[in-house]
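> Pasting a structure below so you can have a look.
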Amino acid sequence: MRITVINGTEQKGCTFHLKECFLSPLQEGNEITEFYLPGDFPHFCLGCKTCFMQSEDRCPHAEHTMKIWDAILEADLLVIAYPVYVSGIPGQLKALLDHFACHHMVHKPDKGMFAKRAVILSQSLRSSNRTGQREVENNLTWLGISDIKSMGFTLKDSYLWDELTQKRIKKIDRTVRKMACNYRSIAPTKKSIKVHFLFAISKMMIQKSLKNTCTPSSDAQYWRSQGWLS
Ligand SMILES: Cc1cc2nc3c(=O)[nH]c(=O)nc-3n(C[C@H](O)[C@H](O)[C@H](O)COP(=O)(O)O)c2cc1C
């Protein structure tokens, strides 16, 4: 199995330990590729729309985006681990996800995404983890991933891993490892009802756009090339 991990921070702190706990039962026999933000993706989307109008490999940041996107496409399991910042996701993760907007269902979805699974791991000091998780889940669903599981922790005692009580660390470790064991052997997943629905709506939008113009958009040309427009 191939696993691609996006780490939403370069700190070797709580997020890092959470992710390491998750990966520990999956180390053997699996190929794991990791990226750390913002180091491996130090860009904001410029809003040039080149990815929409032409293609993603023309993005001014293609050197970085393509490396991460290719690793996501090759993976059976995608893991996104991040700390909650200001009750949501950290800016560096948002900046990366913005660069993948061109692969959302309404633009150029990649059929390789439909069979993938994803896990979202997050932690905060005290805030709820749900706002950020919903945002990442929403992004991944629009990218075509059907099986997405989220797990979040509120640390409460401290935001420094070494200051957490052994009892707390053991509890986090146990819970995350248990979740990871579900991914020891995974089969490709089927499209969920939600992904089917978003795909159908997107198809209608693309078909409608074709009726209103003689020059098909880059998105419509892509849908046609995939054989999705009958
Ligand atoms: C800029 C910044 C903003 C944060 N905002 C929140 C927040 O709104 N709510 C919260 O509970 N924790 C917040 N935290 C704490 C983090 O969620 C996290 O617990 C802490 O950074 C430890 O994780 P790390 O060791 O992986 O960096 C924030 C931390 C930083 C650095």
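Values quoted throughout were computed directly from the atomic coordinates according to the rules given, and no laboratory measurement underlies them. Keep in mind that what you see is a predicted model, and the values were worked out from it rather than measured. Note: ideal-geometry Cβ built from the backbone for every residue, glycine included; neighbour counts use all protein chains shown.
> Going by the alpha-carbon gyration tensor, a ≥ b ≥ c the square roots of its eigenvalues, is region 1-74 rounded (a/c under 1.5) or, if a/c is not under 1.5, prolate (a/b greater than b/c) versus oblate?
Working: a/c = 3.88, a/b = 1.79, b/c = 2.16.
Since a/c reaches 1.5 but b/c is at least a/b, the shape of region 1-74 is classed as oblate.
> At 0.36 nm per residue, and after removing the present C-alpha to C-alpha distance, how many nm does the segment from residue 126 to residue 158 gain when stretched out fully? Don't skip to the answer; put the middle values down first.
Details: separation 32, 0.36 × 32 = 11.52 nm, distance 0.93 nm.
Using 0.36 nm per residue and subtracting the Cα-Cα distance, I get 10.6 nm.
> Okay, moving on. Under 16 Å from the Cα of residue 191, which aspartates and glutamates turn up, not counting those fewer than eight places away in the same chain?
76, 110, 137, 147
> Counting only helical runs of four or more DSSP H residues, what would the 222 nm mean residue ellipticity of the chain come to if each run contributes -39,500 (n - 2.57) and the total is spread over all its residues? Intermediate values should be presented prior to the final figure.
Details: 8 runs with 92 residues, N = 230.
Counting only the DSSP helices, I get -12500 deg cm²/dmol.
> OK, next. Rounded to the nearest 20 debye, what is the charge dipole size of the chain about its Cα centre when +1 sits on each Lys and Arg Cβ and -1 on each Asp and Glu Cβ?
Working: 31 positive and 22 negative charges, 214 e Å.
Charge dipole of the chain: 1020 debye, to the nearest 20.
> Still on this structure, I have one more. To make sure I understand, if each residue's beta carbon is the centre and we count other beta carbons within 10 Å, what order do 137, 10, 63 fall in, fewest to most? The partial results should precede the final answer.
On the way: 137 18, 10 14, 63 10.
Going from sparsest to densest Cβ surroundings: 63, 10, 137.
> Could you let me know the centre-to-centre spacing of region 146-174 and region 103-129, using Cα atoms, in angstrom?
21
> With each pseudo-label sitting 7 Å past Cα toward Cβ, what's the residue 138-residue 230 distance in nm, one decimal?
The answer from the label model is 3.3 nm.
> In nanometres, what is the gap between the two model label sites at residue 184 and residue 34, each 7 Å from Cα along Cα-to-Cβ?
2.2
> Right, something else. What is region 39-119 by shape, rounded, prolate or oblate, if you read a ≥ b ≥ c off the alpha carbon gyration tensor as root eigenvalues and call it rounded for a/c under 1.5, prolate for a/b larger than b/c, and oblate otherwise?
oblate
> Using 0.36 nm per residue, how much length does the chain from residue 173 to residue 196 gain when fully extended, once their Cα-Cα distance is taken away?
Values: separation 23, 0.36 × 23 = 8.28 nm, distance 3.53 nm.
Contour length minus Cα-Cα distance gives 4.8 nm.
> Same structure, new question: Once you've got the Cα coordinates, tell me which of 190/211; 67/208; 12/49; 49/111; 94/170 are over 24 Å apart.
Details: 190/211 31 Å; 67/208 34 Å; 12/49 35 Å; 49/111 22 Å; 94/170 31 Å.
Going by Cα-Cα distance, 190/211; 67/208; 12/49; 94/170 fall outside the 24 Å limit.
> Using a 4.7 Å cut-off between beta carbons, which cysteines in the chain end up with no partner cysteine at all?
If one checks each Cβ against the other cysteines of the chain, 14, 21, 45, 48, 59, 181, 214 turn up with nothing under 4.7 Å.
> Shape call for region 2-191 from the C-alpha gyration tensor, a ≥ b ≥ c root eigenvalues: rounded (a/c under 1.5), prolate (a/b greater than b/c) or oblate? Show your work: numbers first, answer last.
Working: a/c = 1.97, a/b = 1.45, b/c = 1.36.
Here region 2-191 falls in the prolate category.
> To the nearest Å, what is the center-to-center distance of region 43-74 and region 182-209, using C-alpha atoms only?
Going from one Cα centre to the other spans 22 Å.
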